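First comes the structure, then the notes that go with it.
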Amino acid sequence: MIRLFLVGYMGAGKTKLGQAIAKELQLSFVDLDQYIEERRFKPIPALFAEFGEEGFRKIEQGYLREVAQFENVLIATGGGTACFENNMDFMNSAGDTVYLQLNAEELFKRLHRKKQNRPLLNTVSDDDLLTKIREMLSQRESFYNKAKYILPTGSLNKEESLTLFKQIYSKPPSPTI
């Protein structure tokens, strides 16, 4: 039985790469944000607007625990999922976790045109976006680094990232320090 969680900052490729990994490993694929939207009948930005970030994180935690009951699944989490409600420890106990690691500059390239769909970035000016990404990444990285596997995808394309994943995931995880 395999239960695999992808974590990392928004725009890291958890959904796109996650779909490719799930196909390669013959696993079901669940995008946690999409799952929440389907269950709540509202897009994530609307849930943030209605409940605030704290309220949304409680909702997210409940659905994370629900999908963590699935077997032979890859779950692409939201960018903040690992950073709240002891979710990272929970995911590590429920299955394998993989951090898709990118630096702030690479994330900026991916996010600057799509930030309107990101509740935590949609009000940030283009001039301040890189600074905001650096700040948030700095706050979140200690959670992401608790993952059993770290996949430094950087500027790799999907196929290169998939190859790297297969190399890293075939080895036992490094002991935590």
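Quick notes
- Residue within region 60-68 that is among the polar types (S, T, N, Q), within 19 Å of GLY11 (Cβ to Cβ), touching an Asp or Glu at 6+ places or on another chain (Cβ under 8 Å) and modelled with pLDDT of 95 or more present: no
- Residue in region 27-36 that is of a type in the set (S, T, N, Q), part of a strand (DSSP E or B), out of contact with any Ser or Thr (no Cβ under 7 Å at 6 or more places or on another chain) and in contact (Cβ under 8 Å) with a residue 12 or more places away in the chain present: yes
- Positions within region 36-50 being modelled with pLDDT under 95 and aromatic (Phe, Trp, Tyr), in sequence order: PHE48
- Scanning region 66-100 for residues that are touching a Ser or Thr at 6+ places or on another chain (Cβ under 7 Å) and part of a strand (DSSP E or B) yields VAL73, ALA76, LEU100.
- In this structure, LYS109 does not satisfy being of a type outside the set (A, V, I, L, M) and more than 30 Å from GLU159 (Cβ to Cβ).
- Where a residue in region 52-64 is more than 11 Å from GLY78 (Cβ to Cβ) and outside any helix (DSSP H, G or I) and its partner, wherever it lies, is acidic (Asp, Glu) and at pLDDT 95 or above, with Cβ under 6 Å and at least six apart: none
- The set of residues from region 115-154 being in a loop (DSSP other than H, G, I, E, B), modelled with pLDDT under 85 and surrounded by 12 or more Cβ atoms within 10 Å (Cβ to Cβ) comprises ARG118, PRO119, LEU120, LEU121, ASN122, VAL124, THR153, GLY154.
The values are calculated or read from the model by the stated rules, or taken from the named source; none is laboratory data. Note that the structure is predicted; figures quoted are calculated from it, not measured. Glycine gets a Cβ as well: all are built from the backbone with ideal geometry, and neighbour counts include every protein chain shown.
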